[in-house]
1. Are there any pairs, at least 6 apart or on different chains, whose C-beta atoms fall under 8 Å, with the first in segment 164-180 and within 16 Å of ILE112 (Cα to Cα) and the second of a type in the set (Phe, Trp, Tyr) and modelled with pLDDT of 80 or more, and if so, which?
2. Those residues that are within 13 Å of the ligand (Cβ to nearest atom) and within 17 Å of CYS64 (Cβ to Cβ), I need them from segment 96-108; list them, please.
3. What's the number of the only condition in (1) within 29 Å of SER169 (Cα to Cα); (2) touching a residue at least 40 places away in the same chain (Cβ under 8 Å) that VAL39 fails to meet?
4. Within segment 1-23, track down each residue that is more than 20 Å from ALA90 (Cβ to Cβ), in contact with a Ser or Thr (Cβ under 9 Å, 6 or more places away or on another chain) and within 11 Å of the ligand (Cβ to nearest atom).
5. Among the strands (runs of 3 or more DSSP E) lying completely within segment 121-222, list those that include at least 1 residues that are closer than 16 Å to ASN111 by Cβ.
6. Looking only at segment 47-77, how many residues end up being among the polar types (S, T, N, Q) and within 13 Å of the ligand (Cβ to nearest atom)?
7. What pairs come up if the first residue lies in segment 109-123 and is over 15 Å from PRO96 (Cα atoms) and more than 9 Å from the ligand (Cβ to nearest atom), the second is outside any helix (DSSP H, G or I) and at pLDDT 95 or above, and their beta carbons are under 7 Å apart, counting only those six or more places apart or on different chains?
8. Can you find even one residue in segment 36-46 that is farther than 15 Å from LEU132 by Cα and more than 11 Å from the ligand (Cβ to nearest atom)?
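The values are calculated or read from the model by the stated rules, or taken from the named source; none is laboratory data. Predicted, not measured: the structure shown is a model, and the values here were computed from it. Cβ atoms come from the backbone with ideal geometry, glycine included; neighbour counts cover every protein chain shown.
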Amino acid sequence: MFEDIASRYDLMNILMSFGMDRSWRRRLVDMALKDQPTVLLDIGAGTGDLSQIVSRHAKSPQICLGLDFAFNMLSVAQRRTSSVYVQADARKLPVPVGSIDCIVTAFTIRNIQERQMLFSGFADVLRPGGRLVILEMTPMGGGPLAQLFRFYFGRIVPILGRIVSGHPSAYSYLPQSVERFPSAEALTDDLVAAGFKDVSYRRHGFGSVAIHEALRADQDEL
Ligand SMILES: C[S@@+](CC[C@H](N)C(=O)[O-])C[C@H]1O[C@@H](n2cnc3c(N)ncnc32)[C@H](O)[C@@H]1O
């Protein structure tokens, strides 16, 4: 699916989030760059938004590797930034154990069913103390605001998606994928179980997205 919507993906993000996605990504990058990491890995790099913000705001020299399995998304990314992109599956990371200082990922893990496998893979390739920062949509629970968002994502976004991307169903799966996704609290537990410590999160976008931050635990802390 991502292969088919690559050329309109960025525009659709801006329209769908009323431009708020920019500030969420910027927050994620600020968190990621806190310890001035040298080697960053962007999982599900898509059209290269995060790598672009990283290279703009990093204060020290760094290498940002973008990984994605959709060739067309990476083609857009490669035209936009000078980062290095790798076409690969996030469930089988093609990088050495303990070689990464920081992993960032935005709006990707919701699309991958094997979450424990994914998080264990992240823990393997991060050095002890390395940072993981995840930006993802999160279930909103009950209440009128949640109902409003459900209507927006369930009815309006699929129509907008059809018009803008030209794909008949690319944006129809969004509401179900968010409802099926663990709550922000449950995701915290999953990260701890996979070998992360100091896990915390903050909600943004009226509670519709969450940014989780975690550190790779040392062996003796597991
Ligand atoms: C919604 S897009 C997010 C792109 C980018 N991170 C952003 O914030 O705009 C999800 C991306 O994850 C990629 N993706 C999904 N599952 C993947 C997997 N198992 N391995 C690698 N990439 C994957 C898709 O190809 C797509 O580019």
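1. From residues that are within 16 Å of ILE112 (Cα to Cα), the pairs are LEU174/PHE153; PRO175/PHE153; VAL178/PHE153.
2. Residues of segment 96-108 within 13 Å of the ligand (Cβ to nearest atom): 103-108.
Answer for segment 96-108, where residues must be within 13 Å of the ligand (Cβ to nearest atom) and within 17 Å of CYS64 (Cβ to Cβ): ILE103, VAL104, THR105, ALA106, THR108.
3. (1)
4. If the condition is that a residue be more than 20 Å from ALA90 (Cβ to Cβ), in contact with a Ser or Thr (Cβ under 9 Å, 6 or more places away or on another chain) and within 11 Å of the ligand (Cβ to nearest atom), then ASP10, MET12, SER17 are the ones that fit.
5. Those strands (runs of 3 or more DSSP E) span 126-137, 209-216.
6. Summing the residues that are among the polar types (S, T, N, Q) and within 13 Å of the ligand (Cβ to nearest atom) in segment 47-77 gives 5.
7. What qualifies is GLN116/ALA194; MET117/ARG91; PHE119/ALA194.
8. We begin by selecting, within segment 36-46, every residue farther than 15 Å from LEU132 by Cα; these are 46.
This time we only want the ones that are more than 11 Å from the ligand (Cβ to nearest atom), so: none.
For segment 36-46, residues farther than 15 Å from LEU132 by Cα and more than 11 Å from the ligand (Cβ to nearest atom): absent.
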